Ligand code: TYD
């Protein structure tokens, strides 16, 4: 069976501005060019219900959510996304390429927000029966993250979570790096610096494509 003959579930992870969306799109386009059915999606979101929860999570109106409520909302959005979009796609043999998944909750609500990793995983077990991607591509960016975030903030367009302080985001990045070290078979770490086409080639190589 060739690598693309059965569906695989690939997630992209990383901090703010790591280029996940671009790389997810480039991977989806490359797979489609090979004749593979691909569902390109994102979190939080991907289904109408999950997109509605995304609005609740990222809106800068009102006082926002505590870390626990936030984790529950992400898990609820993911549950809808998995049940209605991801599992059916995998079931019919399509590939699923997802911009963020469970490891974002572990890094943001766990590493950044201080919740226990076991609790985040317990929510995922309840919400999504513990579904994990076949491979998670962690995009790391050495330069530019801080500049990117400050530029966003200056333009006043940061969302509720992206707009948190640099210490929060440093903890998020530390957490992602720890996860990749702890589970090297589940993660491929790809340097996100450089031209998108070069990063894309590194992503394809990491996937054995
Ligand atoms: P996204 O729109 O993908 O932002 P970005 O373009 O920076 O990747 O995600 C919105 C925000 O939600 C982002 O700051 C990360 C955060 N997030 C969590 O805190 N937990 C999660 O489980 C997910 C999926 C996202």
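What follows is calculated from the coordinates using simple rules that are stated; it is not laboratory data. Keep in mind that what you see is a predicted model, and the values were worked out from it rather than measured. Because the Cβ atoms are built from the backbone with ideal geometry, glycine has one as well, and the counts that use them run over all protein chains shown.
Some points to look at:
- Calculated [222 nm] ellipticity per residue, helices only, for the chain: -14500 deg cm²/dmol; basis is -39500 (n - 2.57) per DSSP H run with n ≥ 4, divided by all residues, nearest 500.
- Percentage, to the nearest whole number, of Cα pairs in the stretch 9-207 over 32 Å apart: 10 percent
- Average silhouette area of the stretch 1-89, convex hull of alpha-carbon atoms, in square nanometres: 6.9 nm²
- When 84, 20 are sorted by how many other C-beta atoms sit within 10 angstrom of their C-beta, beginning with the fewest, the order is 84, 20.
- Likely footprinting exposure, 190, 137, fewest C-beta neighbours within 10 Å first: 190, 137
- Relative packing of 199-208, 28-37, which averages over residues the other C-beta atoms within 10 Å, highest first: 199-208, 28-37
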